[in-house]
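The values are calculated or read from the model by the stated rules, or taken from the named source; none is laboratory data. Model, not experiment: these values are computed from the prediction. Note that each Cβ is placed from the backbone with ideal geometry, even for glycine, and that neighbours are counted across all protein chains shown.
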Amino acid sequence: MLAAGPAKNKVERRSDVDVLRAAVVLGLIFFHTAKIFDLLPYYVKNEQTSILLMALVGFVSQWGMPLLFFMAGIATWHSLGVRTPTQFVRERFRRLVVPFIFGMCVIVPPMRYYNLLTNPDYHDSFRQFYPKFFSVVLKLSFPRFIQPDPAVGIFETAHLWFLYYLFVFSLMALPLFVCVRSDAGQRLVARLAGLCRRRGAILLLAIPVVSIELFVGLGESVGWNRYSFLSFLIFGYLFASNAGFEELAKRDSTIGLIAGTITVAAFFWVSVLAWQAGTDPSHGYALESVLWRLFKGCSSWFWVIAIGGLGQRYKQHRASREQRADLRAGEPGPAHKVLQYANEAVMPFYVIHQAVIVIIGFYVVKWDAGVMAKYWIISLASLAGSLLLYETLARRTSVTRFLFGMKPIAPREASGPVGHR
């Protein structure tokens, strides 16, 4: 039987989290490109759709954003290990709010403009469009306080909503995060980890997510209740605070994979029923709506456990390999340098990537080519374009690094790939 595990107070570089975060953000290129070819609205659409790519979008939607919030919770635990709460808030503002504001001014407007250009009757120049994009009105509805002016209706946050919500949820949960670090908080976390010692019991932590999805009436256009993401952020923090959780996730990752596969298949089945009925399953209490949210909530947590457990296995394998190689006595290997580079590129890559996809996709969908040919052309060209913009724009100057939420460049890093501790 696994022990509950000791509290984790040592600040460490989480290679498993770095790899998973970089992989998910890189995968967003292929995910958002697939949305050009699925059956749902997007900025630009190909005339011919693909059920296969629709299935890819549906599958990744189950766990992609939940996993990002979960990993953000893990990072928060380590961040608060070296910062006071006040320092943490300042750091979160610099790393999240600054790139959010910059992205809203520079990255999102071109996406929306190209979306409007798909209408042949739209003829405004970008100069005419740009001030209209910021036509907003106040909305006293937490956590969003502005909305598009109904007379114009073109303002949106696009994919940058993640940065805004992560900042807001981090502030909301900060008192809890501080309490968890206390002796009493650690005892409660250890007790919770102990309750999950039975094989598969860790999957029952899906109950809070399902409860939010079913009973908190705040469905969003992305099909998720916004406060479900808050629960994943908190779970990530709790998991990082106690080694027992991570051992349990590693042990039960196979069970999570099986349960996740079953529930995602059920989710697809109910989605087809809702599609045929012409209903929005993210709202209401019709049978297909309840089942849709039930299976989605369960599937998301099961896949987070499955992927997180695999990450723990990678972490253990990497630690064993580094110990054998005694890397501490020599220069970091190529894999370590690549991981450093990828880890720092995550934020600017996330901010940039979808605008590149939309602009490239706007032109490629007009070509006389098959769906899969267009998909791979847009995906690979967007990957190359995003990396090029990161290399030539984001990481080269102190000003652009600040605007993209990156750490200031150090003199010794100016000539090579930039990493951070």
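I'd like to check something: does region 277-285 contain any residue that is surrounded by 18 or more Cβ atoms within 10 Å (Cβ to Cβ), modelled with pLDDT of 80 or more and either part of a helix (DSSP H, G or I) or among the β-branched types (Val, Ile, Thr) (or both)?
no
Scanning region 26-41 for residues that are part of a helix (DSSP H, G or I) and not β-branched (Val, Ile, Thr), which turns out nearest to residue 111 (Cα to Cα)?
Selected residue: 32.
Please go through region 382-401 and give me each residue that is over 27 Å from residue 34 (Cα atoms) and either crowded, with 16+ Cβ neighbours inside 10 Å or modelled with pLDDT of 95 or more (or both), ordered by number.
395, 400, 401
Condition first: under 29 Å from residue 247 (Cα atoms), of a type in the set (Lys, Arg) and free of Cβ contacts under 8 Å to residues at least 60 places away in the same chain. Now tell me which residues in region 143-195 satisfy that.
Within region 143-195, just 187 meets the criteria.
In region 356-372, is there at least one residue being among the charged types (D, E, K, R) and under 22 Å from residue 51 (Cα atoms)?
yes
Looking at region 348-373, which of its residues are in contact with a Gly (Cβ under 8 Å, 6 or more places away or on another chain) and closer than 17 Å to residue 157 by Cβ?
Residue satisfying the conditions is 351 alone.
In region 169-185, what count of residues is obtained for those that are surrounded by fewer than 18 Cβ atoms within 10 Å (Cβ to Cβ) and among the hydrophobic types (A, V, I, L, M, F, W, C)?
The total comes to 7.
Which residues, taken from region 223-270, are under 30 Å from residue 142 (Cα atoms), at pLDDT below 90 and surrounded by fewer than 21 Cβ atoms within 10 Å (Cβ to Cβ)?
Once the filter is applied, which keeps residues that are under 30 Å from residue 142 (Cα atoms), at pLDDT below 90 and surrounded by fewer than 21 Cβ atoms within 10 Å (Cβ to Cβ), region 223-270 yields 223, 226.
Taking residue 83, is it in a loop (DSSP other than H, G, I, E, B) and closer than 30 Å to residue 241 by Cα?
Considered against the rule, which asks whether it is in a loop (DSSP other than H, G, I, E, B) and closer than 30 Å to residue 241 by Cα, residue 83 comes out as yes.
State the number of residues belonging to region 136-191 that are in contact with a Leu (Cβ under 9 Å, 6 or more places away or on another chain), small (Gly, Ala, Ser) and either at pLDDT below 95 or at positive phi (or both).
Number satisfying all stated conditions: 1.
Test residue 106 against the stated conditions and say whether it is in contact (Cβ under 8 Å) with a residue 40 or more places away in the chain and surrounded by fewer than 20 Cβ atoms within 10 Å (Cβ to Cβ).
In short, no.
Check whether at least one residue in region 132-146 is buried (at least 18 other Cβ atoms within 10 Å of the Cβ) and either aromatic (Phe, Trp, Tyr) or touching a strand residue (DSSP E or B) at 6+ places or on another chain (Cβ under 8 Å) (or both), and report yes or no.
Scanning region 132-146, I find at least one residue that is buried (at least 18 other Cβ atoms within 10 Å of the Cβ) and either aromatic (Phe, Trp, Tyr) or touching a strand residue (DSSP E or B) at 6+ places or on another chain (Cβ under 8 Å) (or both), so the answer is yes.
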